[in-house]
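One structure is given below, encoded as structure tokens.
The values are calculated or read from the model by the stated rules, or taken from the named source; none is laboratory data. Just so you know, these numbers come straight off a predicted model, no measurement behind them. So basically every Cβ, Gly included, is an ideal-geometry build from the backbone, and we count neighbours across all protein chains shown.
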Amino acid sequence: MTDAAPAPVLRVLSLGAGVQSTTLLVLAAAGELPRLDYAIFADTGWEPAAVYQHLDRVEKEIARPAVIPILRVSSGNIRDDALDPRHRFASMPLHILNRDGSPGMTRRQCTSEYKSKPIKKQIRSLLGYPYPARIPRDVFVEQWIGISTDEFHRAKDADVRYMRNRFPLIEAGLTRDDCLRILTEHGFASTPKSACLGCPYHGNAQWRAIRDGSPAEWADVVAFDHAIRAGNARANADGNRLLGQAFLHRSRLPLDQAPIDRPTAQERRARQLPLIEAHELEDGEPDGCSPWACRSGASTQEKFGLTA
Ligand code: SF4
């Protein structure tokens, strides 16, 4: 007789508060998926107000009645840290215009620093093994990640032994449209995209939505874009000045001058953009940023210079 496989100590949801992870919470609360012990939201401190409002509502109307505690964890405020010369900053993927006019991009470290790291810390604490305690091999949590079948390629194993990822939407064969239908049925049709307000992976539609729907948040991202023109504040303070300029918009123009309005058919034809590129320019990545499968863009280039 063989030993039974070890069971998870806890079942947690990585709650990004976007469409897919909210669907998982709704389904678990409704008893259509197994019970969750916790949902964990990693707060970068710079989500749009609509995401915080959505999270509050989901907590009040879905999580609390189902006795699923939502734990809000944080490594700091990504916006403040980026502009603080005294703060070590895990960089955002900024679009760089080098001195010779060539494009580049700074390394994306923010997802790991502001999302995965505080979640791992919280899970270690829930398991009773805060860092640097060694966690026994058979002690682990089952972590649910909201990835639907249309983006199954983003499903990845966890990078630590004490977390085992599961993808219940994929297991149930649910697409993003299915998730939207379920959310609509439960009164959450307007679930917003979750991503930092000034994420450089936004497409033009997201930038326009901020500009046209939330003037105060638009002023905030325009001011931030202006403030990061010379790159990372800490690197500058340390003498590693960026040789070139940094921007939030992929056109590498100041955000309030960037071409974020929808191009006319004629303009599209004149620019002859491949369909995929045009789509990404308009929509960015479909679902914001997840700690375990950052949807906010492909791998980053690092073609930019710093002073020695
Ligand atoms: S949303 Fe963008 S800026 Fe925020 S953590 Fe993810 S990749 Fe970084």
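Look at (1) touching a Phe, Trp or Tyr at 6+ places or on another chain (Cβ under 9 Å); (2) hydrophobic (A, V, I, L, M, F, W, C); (3) in a helix (DSSP H, G or I); (4) within 29 Å of Phe188 (Cβ to Cβ) and you find that Leu27 fails only one, number (1).
Filtered by the rule that a residue be touching a Gly at 6+ places or on another chain (Cβ under 9 Å), among the aromatic types (Phe, Trp, Tyr) and in contact (Cβ under 8 Å) with a residue 60 or more places away in the chain, the stretch 6-63 gives a lone residue, Trp46.
Checked against the criterion of being within 15 Å of the ligand (Cβ to nearest atom), under 25 Å from Asp220 (Cα atoms) and touching a helix residue (DSSP H, G or I) at 6+ places or on another chain (Cβ under 8 Å), the stretch 54-72 contains not a single residue that satisfies it. The residues of the stretch 72-85 that are outside any loop (DSSP other than H, G, I, E, B) and surrounded by 15 or more Cβ atoms within 10 Å (Cβ to Cβ), listed by number, are Arg72, Val73, Ile78, Arg79, Asp81, Ala82, Leu83. Looking at (1) charged (D, E, K, R); (2) more than 16 Å from the ligand (Cβ to nearest atom); (3) out of contact with any strand residue (DSSP E or B) (no Cβ under 6 Å at 6 or more places or on another chain), which is the one condition that is false for Asp220? Just one mismatch for Asp220, condition (2).
Has the stretch 48-59 got at least one residue that is among the acidic types (Asp, Glu) and in a helix (DSSP H, G or I)? Checking the stretch 48-59: at least one residue is among the acidic types (Asp, Glu) and in a helix (DSSP H, G or I). Comparison of His153, His95 shows that the only residue that is at pLDDT below 95 and in contact with a strand residue (DSSP E or B) (Cβ under 9 Å, 6 or more places away or on another chain) is His95. Every condition in (1) over 16 Å from the mean Cα position of the chain (by Cα); (2) modelled with pLDDT of 90 or more holds for Pro118 except the one numbered (1). Annotation note: of Thr191, Thr175, the sole residue that is within 20 Å of the chain's Cα centre (by Cα) and under 16 Å from Leu15 (Cβ atoms) is Thr191. Each residue in the stretch 11-23 was checked for being within 30 Å of Arg137 (Cβ to Cβ) and touching a helix residue (DSSP H, G or I) at 6+ places or on another chain (Cβ under 6 Å), and 2 pass. Considering (1) of a type outside the set (Gly, Ala, Ser); (2) within 16 Å of the ligand (Cβ to nearest atom); (3) at pLDDT 95 or above, the lone condition that Leu33 does not fulfil carries the number (2). In the stretch 26-60, of all residues being aliphatic (A, V, I, L, M) and under 24 Å from Cys199 (Cα atoms), the one that is nearest to the chain's Cα centre (by Cα) corresponds to Ala42. Scanning the stretch 33-45 for residues that are surrounded by fewer than 23 Cβ atoms within 10 Å (Cβ to Cβ) and under 21 Å from Ile210 (Cα atoms) yields a total of 2. Looking across the stretch 237-250, just one residue is of a type in the set (Gly, Ala, Ser) and either farther than 20 Å from Phe224 by Cα or free of Cβ contacts under 8 Å to residues at least 12 places away in the same chain (or both), and that is Gly239.
Among the residues of this structure, Arg211 counts as one that is closer than 25 Å to Pro93 by Cα and away from the ligand (no atom under 16 Å from the Cβ).
Evaluated against (1) surrounded by fewer than 19 Cβ atoms within 10 Å (Cβ to Cβ); (2) in contact (Cβ under 8 Å) with a residue 12 or more places away in the chain, Gly231 falls short on exactly one condition, (1).
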